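The values are calculated or read from the model by the stated rules, or taken from the named source; none is laboratory data. Computed from a predicted structure; not experimentally measured. Note: ideal-geometry Cβ built from the backbone for every residue, glycine included; neighbour counts use all protein chains shown. The protein model used for the area step is the full one, side chains on, heavy atoms only, and it has no ligands, DNA or RNA in it. Shrake-Rupley method; radii C 1.70, N 1.55, O 1.52, S 1.80 Å.
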Amino acid sequence: MTPGEMEMVEVFTSEGKGRGLKAAKEFWAGDVIFAEPAYAAVVFDSLTHLVCHTCFKRQEKLHRCGQCKFAHYCDRTCQKDAWLNHKHECSAIKAHGKAPNENIRLAARIMWRIEREGGGLTEGCLVSIDDLQNHVENFGEEEKKELRADVESFLNFWPPQSQQFGMQYISHIFGVINCNGFTLSDQRGLQAVGVGVFPNLCLVNHDCWPNCTVIFNNGNHEAVRSMFHTQMRIELRALGKISPGEELTVSYVDFLNISEERRQQLQKQYYFDCTCEHCRKGIKDDLMLAVKEGENKPSQDVVKEVLQFSKDTLEKINKARSEGVYHEVVKLCRECLKKQEPVLGDTNIYLLRILSIASEVLSYLQMFEEASGYAKRMVDGYMKIYHPNNAQLGMAVMRAGVTHWHASLIEAGHGMICKAYAILLVTHGPTHPITKDLEVGGQRLLDSSYFDMCLCNLVCCHCT
């Protein structure tokens, strides 16, 4: 965070929540309130050879570190930028014989930075790593067991010549990662590729209907002159007008769950009870649990039976997707929709989940005509539930637009692309790769070879 950005926000004590951030000036939809580079970040274990370890962009050809043979980079620029953080990791991996898992690697990167700079406030940070919540005291038995295993693995990996830390402090770092780790995406926002810790972002409290969103920006190293390069960072963006003194909030979980389920998820993952207005009043729960009205309104027993069938089907679908049996997924979706359609309302979340999966998988199988019908119904439901500037809504509308275009429904597809572009301009900004792709694709929709090349993979990446 730059000195100028630090003046735009204030740390304060939020009633019932502890520390929080509030606006020190007025913001409007799409404004970047602050940007923050990662204190430390690592690529997920399964993608270490497919994603750059500096900018987290997914690339076909990556340069491998010649020393540890583990880290991969886009080019010499990314490799050079990584050296400060990779230097100790590189020698430790060589000495250990192999790279440890992502949790251990992230903890080690945090520790090496603390060794280098100390655990207090660093430049651009409003809070220190030492002062972040770890919630270790709230861990259940299974979490404590995992923590002990992580600490043991860390000690086996941590070099004896590096600064030695006590067990309590190491546990604190793992606790911080557990409840404050932020998932990083590839350059098109389609796949989770890593995890990082951003201390200032940790101060932003949760609300199920927030006034801000967080977007990961991979940065840009393409300019010839390095002075024009931008670094990998998160951006906190305003979703609408925010007045001076108003608390800044983001949503820690997807809104597309009834309030009771969101509260359970937040308690389990972040150890607090959500008291936001939408949870207290159950706002939009009626839409998410909607059933058919009128003369043919189903009985409670029928609704209960269909909901249970939907839950069982979703489990079967997840198994089939994980095994790559996509035609089985389509079969399960069709069977479930046949049961749901006479009973559940158009905004019922179980119907919407099946419609979403069906449209994605059918698009992946290039059965675009059927996929487009499901995508349209999904988007119509989402528009009634989500915040109008919700990033997930924007991505869903974009995918639906791509599907319609492939189904030769050009006019409807163009309308959806334009709607998605308007949402993503707010949530992602005009320079984000996905917004740029939409801008170019929208302009050339009728001459679509570039649009096809640019956007066809979006559906496939999301599916796989």
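The table below gives the values:
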quantity	calculated
Criterion (at pLDDT 95 or above and either in contact with a Phe, Trp or Tyr (Cβ under 9 Å, 6 or more places away or on another chain) or closer than 25 Å to PRO430 by Cβ (or both)) met by exactly one of ASP45, ASP31, ASP81	ASP31
Some residue of the range 176-184 being closer than 18 Å to CYS55 by Cβ, crowded, with 20+ Cβ neighbours inside 10 Å and touching a residue at least 60 places away in the same chain (Cβ under 8 Å)	yes
Filter result for LEU332 (open to solvent by less than 70 Å² (accessible area, probe 1.4 Å), in contact with a Ser or Thr (Cβ under 8 Å, 6 or more places away or on another chain) and closer than 17 Å to SER356 by Cβ)	yes
Matching entry among GLU305, GLU295 (being in a loop (DSSP other than H, G, I, E, B), acidic (Asp, Glu) and open to solvent by 20 Å² or more (accessible area, probe 1.4 Å))	GLU295
Elements of type strands (runs of 3 or more DSSP E) in the range 1-103, at least 1 residues being over 19 Å from the mean Cα position of the chain (by Cα) and at negative phi	9-14, 18-23
Verdict on TRP112 being closer than 19 Å to GLY175 by Cα, more than 23 Å from the chain's Cα centre (by Cα), assigned by the TED database to the domain that holds HIS53 and aromatic (Phe, Trp, Tyr)	yes
Filtered residues of the range 150-161 (kept if out of contact with any helix residue (DSSP H, G or I) (no Cβ under 6 Å at 6 or more places or on another chain) and open to solvent by less than 50 Å² (accessible area, probe 1.4 Å))	TRP158
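Residue-by-condition table, conditions (1) surrounded by 15 or more Cβ atoms within 10 Å (Cβ to Cβ); (2) farther than 24 Å from ASP186 by Cβ:
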site	(1), (2)
GLU7	no, yes
LYS22	yes, yes
TYR39	yes, no
SER46	no, no
CYS52	yes, no
GLU60	no, no
GLU89	yes, no
ASN101	no, no
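This table checks each residue for (1) without any contact (Cβ under 8 Å) to a residue 40 or more places away in the chain; (2) outside the structural domain of LYS436 (by the TED database); (3) surrounded by fewer than 18 Cβ atoms within 10 Å (Cβ to Cβ); (4) closer than 27 Å to HIS327 by Cβ.
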{"residue": "TYR386", "(1), (2), (3), (4)": "no, no, no, no"}
{"residue": "ASN389", "(1), (2), (3), (4)": "no, no, no, no"}
{"residue": "MET395", "(1), (2), (3), (4)": "no, no, no, yes"}
{"residue": "ALA400", "(1), (2), (3), (4)": "no, no, no, yes"}
{"residue": "ALA422", "(1), (2), (3), (4)": "yes, no, yes, no"}
